[in-house]
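Some notes on the structure that comes next.
The values are calculated or read from the model by the stated rules, or taken from the named source; none is laboratory data. Bear in mind the structure is a predicted one, so any value in this text is a computation, not a measurement. For neighbour counting, all protein chains shown are included, and Cβ atoms are generated from backbone atoms with ideal geometry for every residue, glycine included. Calculation scope for accessible area: heavy atoms of the full protein, side chains included, ligands and nucleic acids excluded. Shrake-Rupley method; radii C 1.70, N 1.55, O 1.52, S 1.80 Å.
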Amino acid sequence: MKSEPFVSVIIPTYNSKKLLLNLTKSLEKQTYSNFEIIVVDDGSTDDTYKALKRLKKKNKLKLQILRQNRKGPAAARNLGAKKAKGEILAFTDADCFAPKEWLRNLIKAYKKFPEVVGVGGPLEPSKNNIFAKIERFKNKYFHKMEKDIIIGKEEVPVGFTNNMSYKASIFKKFG
């Protein structure tokens, strides 16, 4: 892997214009700059697609917008991965916020552990969302994610889609 691998950030979305615009604002502040953003609109019926087109015109981010008819977030992620140019595929969701060191920390982990196929990170729930708090509790106690670093062989405890990345060559090979 080169010193600064190109990363494709893949975001599936459906009717989430406001949330998605907040996420892209957080991506603008990344301390890692060698990345593109691929947003896959999964048949939104609101103003999401138009908002993305406006954002692409006025923003300096490398933004690619794809559309598909309502096939669900997994199919949207797969379409984004198929069109991605990055050596690393980083997945997040429209309702997330990416801390400014998000991509840099993912890349640091790939450099530190070059044998790994995927790198994920912690999820911080919204302070006002009880479901997010329950999810955090489950992750800590049922999936044993209280450690800072977990390296699995054939299996790992869990890999979430809103803060997970994979080497593109492996992802594309195995799907």
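Some values worked out for this structure:
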read-out: Label-to-label distance, nm, for residues given as F97 and E4 (7 Å Cα→Cβ offset); value: 2.8 nm
read-out: Paired Rg and Dmax values of the range 1-67, which use every Cα atom, in angstrom; value: 12.3, 41
read-out: Radius 13 Å from Cβ of K173, net charge of other residues (Lys, Arg +1; Asp, Glu -1); value: +3
read-out: Theoretical gain in end-to-end length, F131 to T45 [0.36 nm per residue, Cα-Cα removed]; value: 28.4 nm
read-out: Spin-label model distance (nm) - K71 vs E115, 7 Å beyond Cα toward Cβ; value: 3.6 nm
read-out: Gyration tensor verdict on the range 43-92 (Cα atoms; rounded if a/c is under 1.5, prolate if a/b is larger than b/c, oblate otherwise); value: oblate
read-out: In Å², nearest 10: area of R70 left accessible to a 1.4 Å probe; value: 140 Å²
read-out: Whole-Hz couplings from phi, Karplus 6.51/-1.76/1.60, listed for the range 24-32; x for Gly and Pro; value: 5, 4, 5, 6, 4, 9, 4, 7, 9
read-out: Pairwise label distance in nanometres, N105 with S33, each label 7 Å out on the Cα-Cβ vector; value: 2.2 nm
